[in-house]
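> Okay, here's the structure, questions in a sec.
The values are calculated or read from the model by the stated rules, or taken from the named source; none is laboratory data. Computed from a prediction, not measured in an experiment: that's the story for all the values here. Cβ atoms come from the backbone with ideal geometry, glycine included; neighbour counts cover every protein chain shown. Accessible surface is based on the protein model in full, side chains and every heavy atom, while ligands, DNA and RNA are left aside. Shrake-Rupley method; radii C 1.70, N 1.55, O 1.52, S 1.80 Å.
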Amino acid sequence: MFGSGPGMNFMFMASTTDECCSVQLIDGDGSFNDTGIESFIKEVKLHECGLSYAVVSIMGPQSSGKSTLLNNLFYTNFREMDAFKGRSQTTKGIWMAKCAGIEPCTIVMDLEGTDGRERGEDDTAFEKQSALFALAVSDIVLINMWCHDIGREQAANKPLLKTVFQVMMRLFSPRKTTLMFVIRDKTRTPLENLEPVLREDIQKIWDSVPKPQAHKETPLSEFFNVEVVALSSYEEKEEQFKEQVASLRQRFNHSIAPGGLAGDRRGVVPASGFSFSAQQIWKVIKENKDLDLPAHKVMVATVRCEEIANEKFTGFTANENWFLLEEAVQSGPVAGFGKKLNSILCTSLSEYDAEATYFDEGVRSAKRKQLEEKLLQLVQPAYLSMLGHLRSGTLEKFKEAFEEALNGGEGFSLAARNCTESYMALFDERCTDANVELANWDCSKVRDKLRRDIDTHVASVCAAKLLELTSSYEAKLNEALAGPVEALLDGANNETWPSIKKLLQRETVSAVSGLSSALSGFEMDAKDKEKMLTNLQDYARGVVEAKAREEAGRVLIRMKDRFSTLFSHDSDSMPRVWTGKEDIRAITKTARSASLKLLSVMAAIRLDDDVDNIENTLTSALVDTKSNAAVTDKSITTFDPLASSTWEQVPPAKTLITPVQCKSLWRQFRAETEYSEASRRNNNWMPPPWAIVALVVLGFNEFMTLLRNPLYLGVLFVGYLIVKALWVQLNISGEFQHGFLPGLLSISTKFLPTVMNLLTKLAEQGQSPATNNPQTNLGASAFKSFQNGSSSSNTSSTASSGVTASGNDIDYSSPPKED
């Protein structure tokens, strides 16, 4: 048995009877024991029952044996009244227990008795509240009443029935509840005679209760199933009482099955929401509000489904399989990603469906959709990461395959098309593998991004390949044209430009043909292809023109070289031996005419079939004596054909050397070559014969002196070596080839440094250890110095030539100053 003192009101109590446990659900003051009911539900595993459970409650006058009946009927252990201590209130508030040995799971509630002296005559609020609570949550309500009250107008059961019917009207859509009237202490009057009287009394009470307009004509059977049973006195006929109770107990087995006591019940709350539902119902009843059971059912479903959804969402986030899958997809693609993720999602949703299956369908479906959306929102970043890995991996493999195809000789466009189709299909296949069936996400954006990346890569490779092809053919053209053009311009004659033109046409046709064949694999637009071929032709022409302009910048050097070659060599290209009998004027004129020919060839670009008069103009203006005289005579003013910046019949774009520049170059050329002509006329190093005879006669004594004193010979030998070394280092013969005055000036500037260099080398040799033959050492030193001097002379000569050549480059952007 259990105590009901203040310290026991909210304590969950285990029963002493097998499979039975009890809890005070609501205390005498109307406080709901939410902690106790949660523990009770866990203990009896009510949350696992779904809709397969029943709730039975009992109400009736105080001390009418309600607890005794329940304990014998359902094997519970509610506290019973001790008759030896007098009749008083035993049950306070509402107690709850699980029935033992009855299927399905049946919960029974023992309500506080009505009409008790402890609460007083006027305090009927709790009676109505508990009655309304029992009707709202119970499938079967036992109404305990005395047999002798049947048929009486002022019987104790009348107020109770009025209370039941009155509170029922506060339920907008009441459940189809079974009212089982239990007649206690049955007399000899048969039940068949008692039941009609009781039913008549019940109908009268029903008719007398005020009803809402909607239920004015609604019969009692629409709201209640009425059952009547009679039991013998527990105190006088205990054995008969127990037999009748045992028979009644059988009717509670499978009570919710069709045809059972509560087979046609409506609006059942799933077992997992029973605790919350009961708590909310009692809260509404305590606030004295009308109880809208359909709305309450939706509210309970909403709360419980949301709780279940949150539990499943939390469980999903803690799921180890999801954690491992999410971690793996961050580092790379995962095989079977879609199936694995879909399986985990389906498991969570299936668990939700299993727990929420008995709640309101609309609420359940809405909360399931919300849960599904939350789960998909949670896993979508992993899915996007998977697509990102697939896109990047496919792109890299495409690049490798594309490069291999190109290296294997496959045509560019064909390779690009085949590789693109192949790897886009591969991406689609992998996307299908990664697809989450529940989500039905669209991967078209990622696919489009991959296609754009592939197209961009193909375009960049195409541009690089075309640039490589163009550069290759340009390099070939440069190599094929630059050298030959330079050689042809160096040997300028009447056939120079026709030869250059033929060379340009031949190499251009060859290069254009090769590039056209190479471009066939790119399947280019005809206009683009034609543009590239035209650009290559323009490049070839540009190479020739650039080389011609480069050579035009060195035309003065070329003219002097040609003049020097023709002046110092005969018609057989043999070095000319000057005997003094040569016609130097004719030789000079021939050499200058050849140089003028070179200047006329270099004056303009002649790659087209245009005809010009440059050579005749230059000849008449620069070589003809009369014209020269007319030009040099400043007192006579005549027309100068070279006083212009353009040639007749020659566009400025094809002009290499303007007429005024030709005039300036020719003046400079004449000035520098006149020294060679003059030096050759005076170039006789041998003294006259009479001077040689005078030297022999007058120097005979000195010669004999040298023969008598060998020491003088040594001194003369050393002096000869020194002079020879200076001769070689100063390159005296070379310097005087350009004339006496320029040679003298050049030697004067190099004399002192050369002497200092020679003395320094002699000093270094003198510091070396002496040997037994000083003469030999001195000779060797001098010879070594001579050799060093020769090499230094060559280097100096080369450097001097470089300086001279650079000094001869002319800036043709402005006309030269007049001397």
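> For Phe32, list long-range residues whose amide hydrogen, built 1.01 Å from N in the peptide plane, is under 5 Å from its own amide hydrogen.
none
> Going from most exposed to least, what order do Phe276, Phe669 have by accessible area with a 1.4 Å probe?
Phe276, Phe669
> What percentages make up the Cα-Cα pair-distance distribution of the range 455-519 when the bins are 10 Å wide from 0?
Answer for the range 455-519: a P(r) of 19, 38, 23, 13, 5, 1 percent.
> Taking 0.36 nm per residue of sequence separation and subtracting the Cα-Cα distance, how much length would be gained by fully extending the chain between Arg451 and Ser520, in nm to one decimal?
So the chain would gain 22.4 nm between Arg451 and Ser520.
> Using the Cα gyration tensor of the range 325-478, with a ≥ b ≥ c the square roots of its eigenvalues, what is the shape: rounded (a/c below 1.5), prolate (a/b larger than b/c) or oblate (neither)?
prolate
> Please arrange Tyr712, Tyr383 by accessible surface area, largest first, computed with a 1.4 Å probe and ligands excluded.
Putting Tyr712, Tyr383 in descending order of accessible area: Tyr712, Tyr383.
> Oh, and also: If DNA, RNA and ligands are ignored and the probe is 1.4 Å, what is the ranking of Glu551, Glu326, Glu222 by accessible area, most exposed first?
Glu222, Glu326, Glu551
> Residues with amide H under 5 Å of Val55's amide H, sequence separation 5 or more or different chain, H placed in the peptide plane at 1.01 Å from N; which?
Those qualifying (amide H under 5 Å, at least 5 residues apart or on another chain) are Ile107, Asp139, Ile140.
> Under the Karplus relation 6.51 cos²θ - 1.76 cosθ + 1.60, θ = phi - 60°, what is the ordered set of whole-Hz ³J(HN,Hα) values for the range 488-497, x standing for Gly and Pro?
5, 5, 5, x, 3, 7, 5, 9, 5, 5
> Now for a different question. What figure, in Å² to the nearest 10, do you get for the accessible area of Glu327 with a 1.4 Å probe and non-protein molecules left out?
Roughly 110 Å² of Glu327 is accessible to a 1.4 Å probe.
> Roughly how much of Arg266 is accessible, in Å² to the nearest 10, using a 1.4 Å probe?
So the heavy atoms of Arg266 present about 100 Å² to solvent.
> Suppose each label sits 7 Å from its Cα in the direction of the beta carbon; what would the Arg549-Glu495 distance come out to in nanometres?
A separation of 3.0 nm, rounded to one decimal place.
> What accessible area, in Å² to the nearest ten, does a 1.4 Å probe give for Lys92?
Accessible area of Lys92: about 90 Å².
> While we're on this one: Could you give the nm distance between label points at Thr218 and Lys176, where each point is 7 Å from its Cα heading toward the beta carbon?
Going by the 7 Å Cα→Cβ label model, 1.4 nm.
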